[in-house]
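The values are calculated or read from the model by the stated rules, or taken from the named source; none is laboratory data. Owing to the predicted nature of the structure, the values given are computational and were not obtained by experimental measurement. Note that we place each Cβ from the backbone using ideal geometry, even for glycine, and neighbour counts take in every protein chain shown. These area figures cover heavy atoms from the full protein model, side chains too; ligands, DNA and RNA do not enter into them. Shrake-Rupley method; radii C 1.70, N 1.55, O 1.52, S 1.80 Å.
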Amino acid sequence: MTKKVQKQKQKTKSTSSNTGTRKPETGNPTSLKNAGLLFAALSFLLYINTFNHKFAFDDAIVITQNSFTQQGLSGIPELVTTDFFMGIYGESGMELTGGRYRPLSLVMFAVESHIFGDKKDKPAGQPVNAKPGQVFYSYNPFIGHLFNVLFYAFSVFLLFQLLRRWFPERPFIALVSTLLFAVHPIHSEVVANIKSRDEIMALFFVLLSLLQFDTWIKKDSTLAVIFSGLFFFLASLAKENAFTYLGIIPILLWVIYKKDLGTTFKKSLPIWAVAFFYLFLRTSMVGLPSTEETNPSILENPFVDADFATKYGTIFLVLLRYIGKLILPLTLSSDYSFQQIPYVSFGNWEALLGIALYGGFAFLLIWGWQKRNALAIFSAAYLFPLSIASNAVFN
């Protein structure tokens, strides 16, 4: 090799170093920096039409006829120490299996009533444990819809950031998944129904928890694991389905972060500790979740008189239709009354197809765990939160 060629190579290397030439940052491409904000803005604009909406029927339970939330700040002690339905139905509740302990959204409504509402002498509906001379507050539905949309938009932004961290070399996963989530019409009931703040806040805090968990794993930050536990606790206080993400933590450690089994167990312990504290608190306030049937009404207990084959055949038919609504979200409904979905048994083809598909999801979860494949995360993220709302555990 001649000296001239050597000098030319050294010059090229020096120039590359001085100009900052480096490998592309696949985990943080410049073109994606503002995508999360764009998705959040899109989500906000999609639901801006809800700002002039009024109350829906479920809002009576948590706002318009709930004597605790109508008390504003003074109603918070009752909201955080009693069943979700206590403020409207009293000690009898609704006799729904599993109980309900979701104080976070109720506290938010109480605060919003106190700040934005007008004072009044009497509450709407039938007051429960109202004190003489108690001041009550009205609630402006505009405020409720505004905060629902804002927190939904924030959640979409957080989802994009989380998926970027999990799949830095496959940005299309974050882009496509977040876009579908933001615009999917199946979310319209949750965003447009003020009562469903519990669903939104559960997702919002779960995503914050997972982002902090990611920071802890990658940077070993004590502060990050503390915040991760705090956000997981708040998510569980919002709605019980957030608690099911407890099962996703070890799968993340094994599949995404490639930890060994010992490390996976140790790194899961902080979130599990928070989960046990939540269960202790929940038990202290409303008792343990129970699957015992206490309500004989067919309107609240759809399988009260159904045999095993009828119950689970119908359950898997409904679970199949969940998938159908994700793919083709037509004829959406906020509620189904008795016999709108007739009973079927295991001989029904939809029930059999539902069993096959959900068996496939379970297989992908197990196979993905063994292979450390992301399909395990996708399957778990669908199956775990659905489990307690599937009718298989609680009716």
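Data for the structure
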{"item": "Residue 177 accessible area, 1.4 Å probe, all protein chains in place, Å² to nearest 10", "result": "50"}
{"item": "Volume per residue of the C-alpha convex hull in region 166-311, rounded to whole Å³", "result": "182"}
{"item": "Label-point separation in nm, residue 328 to residue 381, each point 7 Å along Cα→Cβ", "result": "2.6"}
{"item": "Sorted largest first, extent of region 325-395 alpha carbons per principal axis (Å)", "result": "43, 28, 26"}
{"item": "Trypsin sites (Lys or Arg not before Pro) within region 319-395, DSSP loop, no more than 16 other Cβ atoms inside 10 Å", "result": "372"}
{"item": "Candidates per GluC sites (Glu not before Pro) in region 210-302, loop by DSSP, up to 16 other Cβ within 10 Å", "result": "292, 293, 300"}
{"item": "Region 238-395: translational diffusion in µm²/s, Stokes-Einstein, Kirkwood Rh over Cα pairs, 25 °C, 0.890 mPa s", "result": "137"}
{"item": "At R0 = 51 Å, FRET efficiency that the Cβ-Cβ distance of residue 357 and residue 121 yields, to 0.05", "result": "0.35"}
{"item": "Förster radius 45 Å - calculated FRET efficiency between residue 42 and residue 389, Cβ distance, rounded to 0.05", "result": "0.95"}
{"item": "Residues whose placed amide H lies under 5 Å from that of residue 136, excluding near-sequence neighbours", "result": "120"}
{"item": "Shape of the chain, Cα gyration tensor, a/c cut at 1.5", "result": "prolate"}
{"item": "Sequence-separation-based contact order of region 251-375, relative, with Cα cut under 8 Å and 6+ spacing, percent", "result": "30"}
{"item": "Kyte-Doolittle mean at least 0.5 and Cα axial length at least 15 Å: DSSP H helices in the chain", "result": "35-46, 103-116, 141-166, 171-183, 197-219, 222-238, 261-286, 308-327, 349-371, 375-387"}
